Structure formats: structure tokens, C-alpha cells
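Below: one structure, written as C-alpha cells.
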Amino acid sequence: MNKVFAVIRREFIERVRTKSFLIGTFLVPLLVAAFGYLPQLLARRDTGSKTIVVLDAASGPIGQVIANRLGADSIGEGEGRQPRFLVVRLPAAGRLEQLRDSVVATIGLQDGPADAADGVLLLTEEAVEGGRITYLGDNAGSFRDMGALERLIGPALREERLQRKQADAAIIAAANVRLDLNSTKVTNGKATGQSGEQTFWLAYIVNLLMYMVLLLYGIQVMSAVIEEKSNRIVEVLVSSMSPFQLLMGKVLGVGASGLLQLAIWGITGFYITATLASGGTSAGGPGIAADGSAASISVPVISPELVAVILAFFLLGFFLYAGLYAAIGAMCNTQQEAQQANTPVTMCIAIAMVAVFALMNDPSSTMARVFSLIPLFAPIVVPVRYAISPLPLTEVLLSVVAMVVGIVGVVWIAARIYRVGILSYGKKPSMKELWRWMRTA
Amino acid sequence: MASSVISVQGVTKRYAGHTAVSALSLEVPAGGIFGLLGPNGAGKTTTIRMLLSIITPDEGRVVLFGGAGSGRELSARIGYLPEERGLYPKMRVLDQLAFLGEAKGMSRWDARKRAKVWLERLGLEDWTMRKVSDLSKGMQQKVQFAGALQHDPDLVILDEPFSGLDPVNSQVMRDVVVDVARSGRTVLFSTHIMEHAEKMCSRIAIIARGEKVLDGNLAEVKGQFGKSHVALTFTRNAAAAAGPLADRTLVARVDDYGASAEVQLTAGADPEALLKALLAVDVGLSRFEVVEPSLQSIFIARVGADAAHPAARQEA
């Protein structure tokens, strides 16, 4: 047992000492935070007011109304508050195309005048009647600006049409009340205060996390096996301890370093989300919020039960995949060879990750239940389902039992392949040879 | 010499398509240096791996220290230097040795202490905190050598310990091996370099194609080959010696090394008759000595054709 401990310690310390471990441990939270902040930062940076020329070829006051409404909208808060659009209205009846061409010619020039237009809105009689309006601009790809245009112009045109049909002002006001869908996740018959969007992002993050750690640490076990094999250290080691002790020590050592890394990620993750939550940003996923204001990241609710499920299924999944990857490593002579040979195993993790996206829509479907009982897929599927909506304890336990059975089977096979494989050099074994390896006592 | 430290009893190991070791029996008595000799592919490494229970024999059995357990169970008493050298390249030298010591069942603290002593002895005390990959190949071999010896094993098994070493390092290691043997412990090493075995071993076994060709005390082995060997050195015109050496009434067998040769006289032939014949052909004879047969000569005589055609080899 002391020998197993020596292997665990060596594996753990040598791993934690490497630069790549330090970089991975501290860079990943930074990257995650950066990805969370990036939309916000980009949205904030892109804050200059846009100059828009409204070419008004429509009859009546509608052109002026639209110009006023566009000009009244603002972006930013407090001191940073500024108009979203600077509007210039040009009456264009009869010379619309000519004016359009001359304005368009100045848009998007690298060294054009500072007050040149960013876009031109063509307001015609057909636009008012048919609701088809043309905008030409260098910001046509900006969801934020286009969202604002739709949001501001739509009601104005609707009011204009209603007025032209002599509708009552009260009716017009009533017709213009905006929809605001407010979804809230229900857990165990109680509203959680977590929005539907947050639930999606939490499940998404859990999915990616499980995928990443299983792949990362599984491959690390495989590399460690090949390292010992190609350096021929393994020969000295198996003269002093059994191959199973060595395998055990390696898997536990890599697993321990993985847990440490996960713990550091977890703590920094909690810290980051906590600071964000207290920073007063509004809820809503990274994307365009309904009012078109700057996007902010959601702060999902992570329950202790979910953390426990994630950790338990990380450990179970890690043991399962570490066994498979160790067996693959023992079959190969070089890292390059192993990169090809591990494809079937890596595919299993990838399938689970992709399947989860399909299961997210209906996390309690029969298919989701079946996937939760397949040991190769359960380590990803169960935590994601749990993140969406907590599973009954019996279902989780059933899944754990399936995983344990799977692990016992995999370790039994992997240990046999490992025992022979680590001392076999040369050609990669065929299926027939593998079968012989497994049968040799 | 109460009992053998190593007793190999009718051991056979087969791999797909060929037999690496066939019904091999060996007795290695306690103390002294035992040489396991054989051409490449003879089964030396396979035999050593079975001694250490890295692989298990298909037939027969290996008894160590009179039957106290398998090589793995007794690994604390055995030091092993494999033929294929290997260390963790990114690990510090001292950590590496401490780990190898722990694998042998030493406490970590003890292992570090012993590792330091050995690194000093081998002249590597300034390298203890360096990574293994920073060391030259010769230094790495010394580190591994220390790894095999640091836990003071009763039995030291070295697979081709001097291959790939420069003369200076080779001498350092040989001195260490001799020291270990002198302190009453048993050393078994394999080699195909006969000069090393001749200088160091008290007992030898020659194996070829997985079978034992001969074994025993070195002096006895040489005695069996008689005193009928003559060592020759030519300073010119070596080709002219071919005539007298081909005379089967004088010479039974020649190991021709070019500028020198070792010949085995035909039974009852007179060495002086050969001397006269060689003087007659003018080869500038600078050495003519009646000698014990060299191990090299015995090896070639007994293994001969086998050595030229080693059995197809499969590493395992």
C-alpha cells in the first residue's frame, strides 16, 4: 500500500509542479470570466452615437415622429448617458434615390468627415402602408442598433397606420403595450428565482465542464502510461510492485491533481459569479436582452446538491475513462500512435456531450433516462440533467450503480491489457492478440 | 555456500511463434559475481525478467533466497538495472531516486538520505536538484545505477550494465560492482562482452537460443578447455600466417582477429612445431604464448554458428 501511495504522490507532485498545470489552473477561470465579460465589454466599447439620415418621402408627420423617437433613445447610464442616434431628417419626396445615393457614398469611408452619416433610413409611403422599410448603414450587422431601430420604428409605423384608419387614441395606446415574457424555473414545486435562460446556461456550462475534465484527465492518464512505457521505467517499477498497484497509483494520482484543479476552478468560479452578482448587472444570458441594452452574464444558482452530483459523477466518470485510456496507452508505443488509437474512447465522451444538447429540451424523456444508465454517457448526462432540474434520488442512485458496475468491468479488462501491454513493444496488438492478453492469467 | 541465491529450475518461456527460453536451469551461489553470457537474442533478458517476476515462466520455477517468495515480493532485497535504461526526464534527480527507493519499500526520508550518499559516491552531488533531462547520457546511467544499488540489496541483477558507457564511466561502474561483491553480496550481470566477464566473474553461464550451453566456475570452465591454446600477434604480413594455421595436424581451430589470433592446437601437437612454421613464413611474430583459452575463444567455440544467426527476437 505504501508503494501505491508513493506512486500517487509522485504522480500528483510532478503533475502539479508543471507549468501547464499552473497555466491551466489559473488561466481557465480567467478565460471563462473573459468570455462572460467579453460581450459586455464589446457592447460598452461600441457606444458612440450613430448618425442616421432619415430620408422622408412619406406624407404626413410620420417622418418627424420617427426622427424624434430615434433621437430620444439613449444608451449608457449616469454620466455615460448619451443619445443612441443623432438624427438628420431630409424631406425627400421625388428625389429619394438621388439623395440616397449621395448619402450612401459617404458611409463607411475610412477617412470621411467626422460628422458623416453611419446609415440612411428610407421612409416611403409603401413603408408606412406595407411595413417594409429600408435601412442602409455600416452598422447593419449590429444586433443592438438594428434591434433599437425595429423597437423604435415598429410602434411608430403601427400608430401611423391606425391613425390613418381613424382609430381612437386610447385603442392605439392599448395596442402598443409591449410583451415582456418573464420565465422562472420551478424546482421541486418551488419557484427558484432562476430564469429559464440561466438554467440553460448552467446546464451548458456543466456539460462543457464534464466533457473537458473527463477528456483532459483521461488523456493525462494515457500519456502517463505511455511515458513510463516508452522510457522503460515501467520495467523497474513492475519488478517492485504489481502492475495493478502501479495502475491504481497512476489513476489516483492523476485524479487527485484533477480534483485539486477542479476545486480551484470551483472556488474561483464561485468568487467570480459572486462579484458579478453583487456588481448589480441585470439577469439574462450573454446575448441581446429584450430591451436591446448591453448584454450581461447570468449568475446561475448552484446548489450544494448539484456540486455533489458533479463531483460524484466526475469521480465515477474519471475512473471509467481513466481505465479505458490506460488500456489504450498500454497498447501503444508513442503518443502519436495513441492519439489515433484513443479515438473510439474520445468519441464516447463527445457523443455524450452532443446528445446532451438534444436531451436539454426534455430532460426527463425516456431517451434521457436510458442515457443516464449507460456508464459511458452517464457522467455527462446525469449532472446536466440535474442542473436543469434535480432528479429523484432513486434515479441518481440507479445511475451510480450502473456506473460502478461499468467501472468494475472496465478496470478488470483494462488491468489485464495493461499488465501485458506495458511490457510489449513493437506492433500494436490486433483484437485477437488483445483477447489473448486478457485471458493470460 | 549453503544454498543458492538464485535457483532456476527447468524454466521455459514461449512467445507467439518462438521459444525465448527453453528448459533452462541455473544455480547462482551466494557471494561473488555471476556472468550470464550469450549472443544477442539468446534469452538473457527474458531470463532476468523471469527472475524478477516481471514476466512469469510458462514452465518451471524460479526460487530466490532458498524459497522465500517471488522476485516481486522480495524486491526490497533485490536491485535491478534493466537493459533499456529509463528515468522520468522531467523529474529531479534526487526525487527520482527517492521514488525508486520508495518503490523498493524504503521510507521516503531514508531513500533521500541513501540517494544522496550514492550520488556523492558517483560524483553527481552537484546535480541532485537538476532535472534528469539536463544530465548527459552517462550521468543518467549513473543515476539509474544508484537507483539499483541504493537500498543495499543482497542480490544485484544488472542487464548489460556496461553497454554504452565510455571507458572512464565503465571503469567507475565496474569498481562499484566489484565493491558490492566484495561486501558479500551477490551480483548477476548479463553481457555479450567477454572481456568484462573474464575480468570480473567468478562463475559464468553461457546461453544461446534460450538454452544453456555451459556453466560453472570460470577457472573450471577454462580448465575443461585445456592448456592447448596459443595466443599470437603479428606485426606484418599477417595473411602469410594463413598457411601454417590451416595445417590441421597442428591447429584444430583458429579465432582470427586480423593482427592477432588465438589458436587451439590439435590434440598431441607440439606448440614449438607451430612456432617454427610461423617463423618460416615471416609474419613478424611479436607474441607467441601458450595460454588458457580466453572466454571469447570458448564462447565462439561453443556458441559459434548460433551467434552468427540469432533466433528471431521478440521483446516482451
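Within region B:110-138, the residues that satisfy the criterion of being in contact with a Gly (Cβ under 9 Å, 6 or more places away or on another chain) and among the hydrophobic types (A, V, I, L, M, F, W, C) are B:Ala111, B:Ala115, B:Trp118. Of everything listed in (1) in a helix (DSSP H, G or I); (2) touching a helix residue (DSSP H, G or I) at 6+ places or on another chain (Cβ under 9 Å), the single unmet condition for A:Val408 is (2). Scanning region A:10-56 for residues that are part of a loop (DSSP other than H, G, I, E, B) and modelled with pLDDT under 80, which turns out farthest from A:Val251 (Cα to Cα)? Filtering region A:10-56 for residues that are part of a loop (DSSP other than H, G, I, E, B) and modelled with pLDDT under 80, the one farthest from A:Val251 (Cα to Cα) comes out as A:Ser49.
The residues of region B:274-295 that are touching a strand residue (DSSP E or B) at 6+ places or on another chain (Cβ under 9 Å), surrounded by fewer than 18 Cβ atoms within 10 Å (Cβ to Cβ) and within 21 Å of B:Ala239 (Cα to Cα), listed by number, are B:Leu275, B:Leu279, B:Gly284, B:Leu285, B:Ser286, B:Arg287, B:Phe288, B:Glu289.
Scanning region B:35-44 for residues that are of a type outside the set (Gly, Ala, Ser) and surrounded by 24 or more Cβ atoms within 10 Å (Cβ to Cβ) yields a total of 3.
Scan region A:221-237 for residues that are out of contact with any Cys (no Cβ under 9 Å at 6 or more places or on another chain) and more than 14 Å from chain B (Cβ to nearest Cβ) and the total you get is 1. Select from region B:99-114 the residues that are more than 8 Å from chain A (Cβ to nearest Cβ) and outside any loop (DSSP other than H, G, I, E, B) and list them in ascending order. Across region B:99-114, the qualifying residues are B:Gly101, B:Trp109, B:Asp110, B:Ala111, B:Arg112, B:Lys113, B:Arg114. Candidates are the residues of region A:313-336 that are of a type in the set (S, T, N, Q) and not in a helix (DSSP H, G or I); the one that is farthest from A:Lys229 (Cα to Cα) is A:Thr334. Taking B:Ala23 as the residue in question, decide whether it is within 13 Å of chain A (Cβ to nearest Cβ) and either touching a Ser or Thr at 6+ places or on another chain (Cβ under 9 Å) or part of a helix (DSSP H, G or I) (or both). Considered against the rule, which asks whether it is within 13 Å of chain A (Cβ to nearest Cβ) and either touching a Ser or Thr at 6+ places or on another chain (Cβ under 9 Å) or part of a helix (DSSP H, G or I) (or both), B:Ala23 comes out as no.
Among the residues of region A:186-208, the one identified as modelled with pLDDT of 85 or more and either buried (at least 20 other Cβ atoms within 10 Å of the Cβ) or within 14 Å of chain B (Cβ to nearest Cβ) (or both) is A:Asn207.
In this structure, does A:Glu433 turn out to be more than 14 Å from chain B (Cβ to nearest Cβ) and not aliphatic (A, V, I, L, M)?
The answer is no for A:Glu433.
Name the single residue that is surrounded by the most Cβ atoms within 10 Å (Cβ to Cβ) among those in region B:142-169 being assigned to a loop (DSSP other than H, G, I, E, B) and charged (D, E, K, R). The qualifying residue surrounded by the most Cβ atoms within 10 Å (Cβ to Cβ) is B:Glu160. Considering region B:239-263 alone, what residues qualify as being part of a loop (DSSP other than H, G, I, E, B) and among the hydrophobic types (A, V, I, L, M, F, W, C)? Within region B:239-263, B:Ala246, B:Leu250, B:Ala259 qualify.
Against the test of being under 26 Å from B:Arg49 (Cβ atoms) and out of contact with any Asp or Glu (no Cβ under 8 Å at 6 or more places or on another chain), the options B:Leu149, B:Leu124 yield a single qualifying residue, B:Leu149.
Here is a yes/no grid of residues against (1) modelled with pLDDT of 90 or more; (2) surrounded by fewer than 19 Cβ atoms within 10 Å (Cβ to Cβ):
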site: B:Val187; (1), (2): yes, no
site: B:Glu195; (1), (2): no, yes
site: B:Ile204; (1), (2): yes, no
site: B:Leu214; (1), (2): no, yes
site: B:Lys222; (1), (2): no, no
site: B:His229; (1), (2): no, no
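When residues in region B:77-98 are screened for being farther than 15 Å from A:Ala6 by Cα and at the interface with another protein chain (Cβ under 9 Å from one of its Cβ atoms), 11 of them pass. Here B:Met173 clears all of (1) surrounded by fewer than 23 Cβ atoms within 10 Å (Cβ to Cβ); (2) part of a loop (DSSP other than H, G, I, E, B) except the condition numbered (2). Filtering region B:50-98 to residues that are buried (at least 17 other Cβ atoms within 10 Å of the Cβ), part of a helix (DSSP H, G or I) and either in contact with a Gly (Cβ under 9 Å, 6 or more places away or on another chain) or of a type in the set (S, T, N, Q) (or both) leaves B:Met50, B:Leu51, B:Ser75, B:Gln96, B:Leu97.
For region B:1-49, enumerate the residues that are aromatic (Phe, Trp, Tyr) and at pLDDT below 90. Selection gives B:Tyr15 alone. Determine whether B:Gly71 is under 21 Å from the mean Cα position of the chain (by Cα), at the interface with another protein chain (Cβ under 10 Å from one of its Cβ atoms) and more than 21 Å from B:Ser163 (Cβ to Cβ). In short, yes. Scanning region B:114-141 for residues that are touching a residue at least 40 places away in the same chain (Cβ under 8 Å), of a type in the set (S, T, N, Q) and surrounded by fewer than 18 Cβ atoms within 10 Å (Cβ to Cβ) gives a single hit, B:Ser133.
Looking at A:Ser372, A:Ser399, A:Ser364, just one residue is within 25 Å of A:Pro304 (Cβ to Cβ), under 27 Å from the mean Cα position of the chain (by Cα) and not in a helix (DSSP H, G or I), and that residue is A:Ser364. For region B:124-177, the set of residues classified as of a type in the set (Asp, Glu) and touching a strand residue (DSSP E or B) at 6+ places or on another chain (Cβ under 9 Å) consists of B:Asp152, B:Asp154, B:Asp159, B:Glu160, listed by residue number.
The conditions of being within 14 Å of chain B (Cβ to nearest Cβ) and either at pLDDT 80 or above or over 37 Å from the mean Cα position of the chain (by Cα) (or both) are met by A:Ala6. Could you list, in sequence order, the residues of region A:193-252 that are more than 32 Å from the chain's Cα centre (by Cα) and of a type in the set (D, E, K, R)? Matches in region A:193-252: A:Glu227, A:Glu228, A:Lys229, A:Arg232, A:Glu235.
Determine, yes or no, whether A:Phe357 is assigned to a helix (DSSP H, G or I) and surrounded by 23 or more Cβ atoms within 10 Å (Cβ to Cβ). Criteria not met by A:Phe357.
The residue of region A:238-261 that is farthest from the other protein chains (Cβ to nearest Cβ), among those that are surrounded by 23 or more Cβ atoms within 10 Å (Cβ to Cβ) and closer than 19 Å to A:Tyr425 by Cα, is A:Leu247. As for region A:388-396, it holds at least one residue that is within 23 Å of A:Leu214 (Cβ to Cβ), among the aliphatic types (A, V, I, L, M) and assigned to a loop (DSSP other than H, G, I, E, B). All told, B:Gly216 meets the bar of being without any contact (Cβ under 8 Å) to a residue 60 or more places away in the chain and either in a loop (DSSP other than H, G, I, E, B) or closer than 30 Å to B:Asp270 by Cα (or both).
The values are calculated or read from the model by the stated rules, or taken from the named source; none is laboratory data. Since the structure is predicted, the reported quantities are computational estimates derived from the model, not experimental observations. Cβ sites come from the backbone with ideal geometry, for glycine too, and all protein chains shown count toward neighbours.
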